[in-house]
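Have a look at the structure below, then the notes.
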Amino acid sequence: MRSRRALLREQTQLIGEELEWLEKPAIISRDAVGLSDETDEAGNAYLRVAAWILLQIVRAAHNVQHKLHWEETFDRYHVTPKIQERIRAAVLEPTSRYGPGILAMAEIVAVAPLLAERERVPRVEWGTIARKAENFAVRISCDGSEVQVLLRQYLSRPSVIEKPAQRMVLDEALFQLDDTFGFSTVTPIDDLVMVAANVVTKYIRPAEGACVAMYAKSPPSLLTQAAPVSTMYGAIWSAFSALAERFIFPQIAIEAIKLRPKASPDVDYALRLEDLAQRRASELRTGNPKRSWQGISMS
């Protein structure tokens with residue numbers, strides 16, 4: 001619905017103006033994101049950073065709700081009073097909207113050091129790989145949350161797929177380094193996205209379209225930097241990568257992690273994605289869907 005999307009885009013841009021740390025991630029302390037100076041299990045550290053960012057965004061969304069041009073937008077798109085109530089409820093509930101994407105960000109950034117170590121890339125370059133991985137993440141975020149969740153399930157470690165109550169951990173065996181995307185999948189990502197969108201449409205609902213944050217402008221100050229960040233999606237990704245590079249990557253004891261070797265391209269990916277889509281549809285019908293941001297604590 002165009003009116004809802006217009007309000008979400010406006011809200012996202014206003015949120016960017018509220019978050020000073022998007023421009024200066026260096027002002028964020030380790031304590032602020034709930035990390036200690038002691039070595040932390042990497043998976044938990046990524047989740048703590050994700051939880052902190054999500055909480056900041058949710059608070060900012062509530063702070064800017066009175067600035068949204070509600071009536072002008074409803075008038076422009078001729079929205080009836082009954083539909084207006086539904087749109088207001090959707091716009092004013094930011095957790096379920098931002099949660100999946102921010103957790104996906106944590107999962108994807110977490111793969112960067114594993115792939116780098118597998119290819120013997122120096123630790124000093126891990127942050128560069130993580131920042132570039134935004135280009136990969138954009139590919140899986142262009143067709144709505146259900147497509148994103150389905151692809152993340154497919155790309156997760158086998159034990160995670162078999163235990164839907166467990167948070168997703170991406171399987172490094174299914175990824176490879178890539179100069180353009182930071183890294184990509186061993187099975188072409190465009191093929192995976194196309195099939196995922198088709199089976200989501202077939203079993204769940206039509207694909208919803210790209211993440212609003214990809215179209216919302218970043219704070220103006222980020223446009224003037226040497227490497228300009230033009231969207232809110234990019235601004236949040238850049239900040240997350242900076243935090244991972246400062247607080248998490250230096251503490252990773254990579255020798256303690258058993259890395260899986262790179263897999264071959266999956267010739268059965270279409271069948272696997274269809275099976276996962278049917279499972280997801282069943283969960284949604286029974287009212288017990290696995291929350292794609294499960295594991296993030298808002299406390």
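The values are calculated or read from the model by the stated rules, or taken from the named source; none is laboratory data. Computed from a predicted structure; not experimentally measured. Don't worry about glycine lacking a Cβ; one is built from the backbone with ideal geometry, like all the others, and counts go over all protein chains shown.
Identify, please: which residue in region 70-82 is loosely packed, with under 12 Cβ neighbours inside 10 Å and not charged (D, E, K, R) and is, among those, modelled with the lowest pLDDT? Steps first, please.
Step one: of region 70-82, the residues loosely packed, with under 12 Cβ neighbours inside 10 Å are 71-72, 75, 78, 80-82.
In the following step, the residues that additionally are not charged (D, E, K, R) were identified as 78, 80-81.
Details: HIS78: 93, THR80: 93, PRO81: 90.
Ranking the qualifying residues of region 70-82, first place goes to PRO81.
Pairs only if they're at least six apart or on different chains, beta carbon under 8 angstrom, first in region 184-201 and in contact (Cβ under 8 Å) with a residue 60 or more places away in the chain and more than 9 Å from TYR269 (Cβ to Cβ), second among the acidic types (Asp, Glu) and not in a strand (DSSP E or B); list them, first residue then second.
Between residues of region 184-201 that are in contact (Cβ under 8 Å) with a residue 60 or more places away in the chain and more than 9 Å from TYR269 (Cβ to Cβ) and residues that are among the acidic types (Asp, Glu) and not in a strand (DSSP E or B), the close pairs are VAL186/ASP266; ALA196/ASP143; VAL199/GLU274; VAL200/ASP143; VAL200/GLU146.
Out of the residues in region 15-64 that are surrounded by 15 or more Cβ atoms within 10 Å (Cβ to Cβ), acidic (Asp, Glu) and outside any helix (DSSP H, G or I), which is farthest from the chain's Cα centre (by Cα)?
ASP40
Of the conditions (1) farther than 25 Å from ARG157 by Cβ; (2) surrounded by 18 or more Cβ atoms within 10 Å (Cβ to Cβ), LYS67 fails just one. Which one is it?
Going through (1) farther than 25 Å from ARG157 by Cβ; (2) surrounded by 18 or more Cβ atoms within 10 Å (Cβ to Cβ) one by one, LYS67 breaks only (2).
Could you grab me the full set of residues in region 212-245 that are free of Cβ contacts under 8 Å to residues at least 40 places away in the same chain and of a type outside the set (A, V, I, L, M)?
Our first condition is that a residue be free of Cβ contacts under 8 Å to residues at least 40 places away in the same chain; within region 212-245, this holds for 220, 223-231.
PRO220, THR224, GLN225, PRO228, SER230, THR231, listed by residue number.
Looking at ILE102, ILE140, ILE83, can you tell me which residue is more than 11 Å from the chain's Cα centre (by Cα) and over 21 Å from ALA256 (Cβ atoms)?
Working: ILE102 fails: more than 11 Å from the chain's Cα centre (by Cα); ILE140 fails: more than 11 Å from the chain's Cα centre (by Cα).
Exactly one of ILE102, ILE140, ILE83 is more than 11 Å from the chain's Cα centre (by Cα) and over 21 Å from ALA256 (Cβ atoms), namely ILE83.
Does PHE240 meet the test of being in contact with a strand residue (DSSP E or B) (Cβ under 6 Å, 6 or more places away or on another chain) and either of a type outside the set (Gly, Ala, Ser) or crowded, with 18+ Cβ neighbours inside 10 Å (or both)? Explain how you work it out, then say what you get.
On the way: in contact with a strand residue (DSSP E or B) (Cβ under 6 Å, 6 or more places away or on another chain): no; either of a type outside the set (Gly, Ala, Ser) or crowded, with 18+ Cβ neighbours inside 10 Å (or both): yes.
The answer is no for PHE240.
Restricting to region 8-52, what's the tally of residues that are modelled with pLDDT under 90 and in contact with a strand residue (DSSP E or B) (Cβ under 6 Å, 6 or more places away or on another chain)?
Counting residues in region 8-52 that are modelled with pLDDT under 90 and in contact with a strand residue (DSSP E or B) (Cβ under 6 Å, 6 or more places away or on another chain) gives 0.
Consider HIS78 carefully, then state whether it is farther than 25 Å from LEU170 by Cα and part of a loop (DSSP other than H, G, I, E, B).
Working: farther than 25 Å from LEU170 by Cα: yes; part of a loop (DSSP other than H, G, I, E, B): yes.
Yes: the conditions hold for HIS78.
Among the residues of region 246-285 satisfying the criterion of being among the acidic types (Asp, Glu) and at pLDDT 95 or above, which is farthest from PRO219 (Cα to Cα)?
Of region 246-285, the ones among the acidic types (Asp, Glu) are 255, 266, 268, 274-275, 283.
Filter again for at pLDDT 95 or above, leaving 266, 268, 274-275.
On the way: ASP266: 41, ASP268: 43, GLU274: 40, ASP275: 41 Å.
The qualifying residue farthest from PRO219 (Cα to Cα) is ASP268.
Being assigned to a loop (DSSP other than H, G, I, E, B), under 30 Å from ARG5 (Cα atoms) and either in contact with a strand residue (DSSP E or B) (Cβ under 8 Å, 6 or more places away or on another chain) or of a type in the set (Ser, Thr, Tyr) (or both), is that true of even one residue in region 149-163? Step through it out loud before you land on a result.
Taking region 149-163 as the starting set, the residues that turn out to be assigned to a loop (DSSP other than H, G, I, E, B) are 155, 157, 162-163.
This time we only want the ones that are under 30 Å from ARG5 (Cα atoms), so: 155.
Add one more test, that the residue is either in contact with a strand residue (DSSP E or B) (Cβ under 8 Å, 6 or more places away or on another chain) or of a type in the set (Ser, Thr, Tyr) (or both), and what stays is 155.
Yes: one or more hits.
What's the number of the condition ARG123 fails, among (1) free of Cβ contacts under 8 Å to residues at least 40 places away in the same chain; (2) surrounded by fewer than 20 Cβ atoms within 10 Å (Cβ to Cβ)?
(1)
Residues in region 249-264: is at least one in contact with a Ser or Thr (Cβ under 8 Å, 6 or more places away or on another chain), in contact (Cβ under 8 Å) with a residue 60 or more places away in the chain and either polar (S, T, N, Q) or surrounded by fewer than 21 Cβ atoms within 10 Å (Cβ to Cβ) (or both)?
yes
Mind counting the residues in region 220-233 that are surrounded by 14 or more Cβ atoms within 10 Å (Cβ to Cβ), at pLDDT below 85 and not in a helix (DSSP H, G or I)?
Looking only at that region, the number is 1.
For (1) closer than 23 Å to ASN44 by Cβ; (2) at pLDDT below 95, each residue gets a yes or a no:
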{"residue": "VAL169", "(1), (2)": "yes, yes"}
{"residue": "PHE175", "(1), (2)": "yes, no"}
{"residue": "ASP178", "(1), (2)": "no, yes"}
{"residue": "PHE181", "(1), (2)": "no, yes"}
{"residue": "THR187", "(1), (2)": "no, no"}
{"residue": "ASP191", "(1), (2)": "no, no"}
{"residue": "ILE204", "(1), (2)": "no, yes"}
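Scan HIS78, HIS66, HIS62 and give me the residue that is out of contact with any Gly (no Cβ under 7 Å at 6 or more places or on another chain), at positive phi and not polar (S, T, N, Q).
Values: HIS66 fails: at positive phi; HIS62 fails: at positive phi.
Checking each option against the conditions leaves just HIS78.
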